[in-house]
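Chemist: Pasting in a structure now, in structure tokens, and then I'll have a few things to ask.
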Amino acid sequence: MKIHLLIDNQRYPLTIPREDEALYREAARQIDNRLNTYRRLFPQQASGTHWAMACLEFAFENTRLKDSNDTEPYMEVLRRLEESIDNCIQENKTIK
């Protein structure tokens, strides 16, 4: 699907999967919101600085989310639970 996103008053043509359209449009909206926030907070700064700060903020959030989605500790707990369940099943089979 071809769409055009308006970010910072500039049109960006993209070809994307149809099911991702809403996500892309929301992402563009978030970029504009962050840029406007930095423009309001730091009007004396150049546009490139606003873009860099918005990118840094998004990258930070992305990194934090990746770290919070680390499932390895949970996988170990699940492995131990599975082993415990298997042991109970084996014990139950030997009792019968």
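Chemist: Would it be correct to say that Leu35 is in contact with a His (Cβ under 8 Å, 6 or more places away or on another chain) and either outside any helix (DSSP H, G or I) or modelled with pLDDT of 95 or more (or both)?
Modeler: Spelling it out, Leu35 is indeed in contact with a His (Cβ under 8 Å, 6 or more places away or on another chain) and either outside any helix (DSSP H, G or I) or modelled with pLDDT of 95 or more (or both).
Chemist: Listed residues Ala28, Ala54; which is surrounded by 14 or more Cβ atoms within 10 Å (Cβ to Cβ), closer than 28 Å to Ile3 by Cβ and touching a strand residue (DSSP E or B) at 6+ places or on another chain (Cβ under 7 Å)? Write out each step before concluding.
Modeler: Numbers: Ala54 fails: touching a strand residue (DSSP E or B) at 6+ places or on another chain (Cβ under 7 Å).
Unique residue meeting the criteria: Ala28.
The values are calculated or read from the model by the stated rules, or taken from the named source; none is laboratory data. This is a predicted model, so every value here is computed, not measured. FYI the Cβ positions are ideal-geometry reconstructions off the backbone, even for glycines, and counts take in every protein chain you see.
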